[in-house]
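Chemist: Let me begin by handing over the structure; questions about it come next.
Each value in this text was obtained by applying a stated rule to the coordinates, not by laboratory testing. Small disclaimer: the values here were computed from a predicted structure and weren't measured. Counting neighbours? That spans all protein chains shown, and the Cβs are built from the backbone with ideal geometry, glycine included.
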Amino acid sequence: MKTIITTAYRPTEETKRCAKDTAQALGLTVAERNKRPIYKLHEELAADILVCKKERLELYPVGQSEPFFFHPNSAAFRSKRPLADDPLIEVSGLVAGDSFLDCTLGMASDALIGSLVVGDAGRVVGCESDPVIGHIVREGLKRYTDMPQLHESMRRIEVVSTDALDYLKAHGDDSFDVIYMDPMFTERITEASNFAPLRSNADHGQLTEEWVEEAKRVAKKSVVLKAHFRSTDFETFGFKRRVRPNTKFHFGVIHPNTGK
Ligand SMILES: C[S@@+](CC[C@H](N)C(=O)[O-])C[C@H]1O[C@@H](n2cnc3c(N)ncnc32)[C@H](O)[C@@H]1O
């Protein structure tokens, strides 16, 4: 599905400039809003609509009335708990000063928790293969104004609009301390986040042997997988599963340098 960019209902010089810049960055076209509601734009343009508002970018996929936009999502409450107890941090062994590669950035909530942990001496890179999602999240991480305690960690995350496998292939052995993968679940779950409107747009590609092998080569300390509790990917690809009772998803870990 193509994406067309427009402005808020009442455009300003700022939102018009944002639409032009966004179109240029993504190689997409702009349509004048002309006071049309989103459903009309969907009907007339047969495209997903990316709206440049003063405060944020909002994506309305065709057939959806609820937009996708950046916000810290689960990181908002996870960041208030002891970070060492966060399941991703516990499983990965991520510590201050580490480098963290998130292969499947999505809303960047996990990357944000990683960024809080690694701090200013560390590095966080997030790959997102869908260019529109990547752009919304990149801009959101730069422009988000609430929760000032998260701003430094948000700004630290480098968003790369690319497929994770291509990114891994371009990097040398042991380039990142921790590598993380959270592909889209194949099982339907009730999502509490605003990622739900994006189900149709996200890359639904699943883990492959090549992806895991590349991650093991590029990771120094650990490769972590998050998947649905019914997923057999943990066993298929050699991850040690950490069972979390009464949760819909589990984490699994590989320590690639044990025996490298
Ligand atoms: C389940 S979401 C990740 C959610 C994320 N962990 C968070 O905290 O918001 C998966 C995301 O990864 C992206 N994705 C899937 N496969 C990918 C790949 N091979 N390379 C880069 N991004 C990928 C999808 O488009 C989607 O946005």
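Chemist: Kirkwood Rh over Cα pairs of the range 61-148 into Stokes-Einstein at 10 °C, 1.306 mPa s: D in µm²/s? Could the numbers behind the result be given before it?
Modeler: Working: Rh = 13.8 Å.
After rounding, the answer is 115 µm²/s.
Chemist: What percent antiparallel are the DSSP beta bridges of the chain, to the nearest 5? Provide the component values of the computation, followed by the final result.
Modeler: Numbers: 14 of 36 bridges.
Restricted to the chain, the bridges split so that about 40 percent are antiparallel.
Chemist: Mind listing the long-range amide H neighbours of residue 130? Cut-off is under 5 Å, sequence gap 5 or more, other chains count too, H placed in the peptide plane at 1.01 Å from N.
Modeler: 203
Chemist: Only bridges whose two residues both fall in the range 151-260 count here: according to DSSP, what percent of them are antiparallel, nearest 5? Mind dumping the intermediate values first?
Modeler: Values: 9 of 14 bridges.
For the range 151-260, the DSSP antiparallel bridge percentage is about 65.
Chemist: Taking every DSSP beta bridge with both residues inside the range 3-60, roughly what % is antiparallel (nearest 5)?
Modeler: Values: 4 of 10 bridges.
The answer is about 40 percent antiparallel.
Chemist: At 222 nm, what helix-only mean residue ellipticity would the chain give, in deg cm²/dmol to the nearest 500, using -39500 (n - 2.57) for each DSSP H run of four or more? Intermediate results must be reported in sequence, preceding the final value.
Modeler: Values: 10 runs with 81 residues, N = 260.
Helix-only estimate at 222 nm: -8500 deg cm²/dmol.
Chemist: Which of 159, 22, 256 sits closest to the plus end of the dipole of the chain, meaning its Cα is farthest towards the positive end, when Lys and Arg get +1 and Asp and Glu get -1 on the C-beta?
Modeler: The one lying farthest along the dipole's positive direction is 22.
Chemist: Which order do the peptides 109-115, 146-152, 199-205 come out in when sorted by mean C-beta neighbours inside 10 angstrom, highest first?
Modeler: Working: 109-115: 27.4, 146-152: 12.7, 199-205: 14.6.
The peptides rank, most packed first, as 109-115, 199-205, 146-152.
Chemist: Could you tell me what fraction of 2.2 N^0.38 Å the Cα radius of gyration of the chain comes to, as a two-decimal ratio?
Modeler: On the way: Rg = 18.9 Å, N = 260, 2.2 N^0.38 = 18.2 Å.
So the Cα radius of gyration is 1.04 times the expected 2.2 N^0.38 Å.
Chemist: Give the aspartates and glutamates whose C-alpha is closer than 13 Å to that of residue 20, dropping any in the same chain fewer than 8 places away, or say none.
Modeler: Cross-link targets: 32.
Chemist: Now, a different point. What whole-number distance in Å separates the alpha-carbon centres of the range 94-163 and the range 1-59?
Modeler: Using only Cα atoms to place each centre, the spacing works out to 25 Å.
Chemist: Here is a further query. Enumerate cysteines in the chain without a disulfide-compatible partner, where compatibility requires another Cys Cβ under 4.7 angstrom.
Modeler: 103, 127, each lacking another Cys Cβ under 4.7 Å.
Chemist: If R₀ is 51 angstrom, what is the calculated FRET efficiency for the pair residue 166 and residue 43, using the beta carbon separation as r and rounding to 0.05? Write down the numbers at each step before the final one.
Modeler: Working: r = 36 Å, r/R0 = 0.71.
Calculated transfer efficiency: 0.90.
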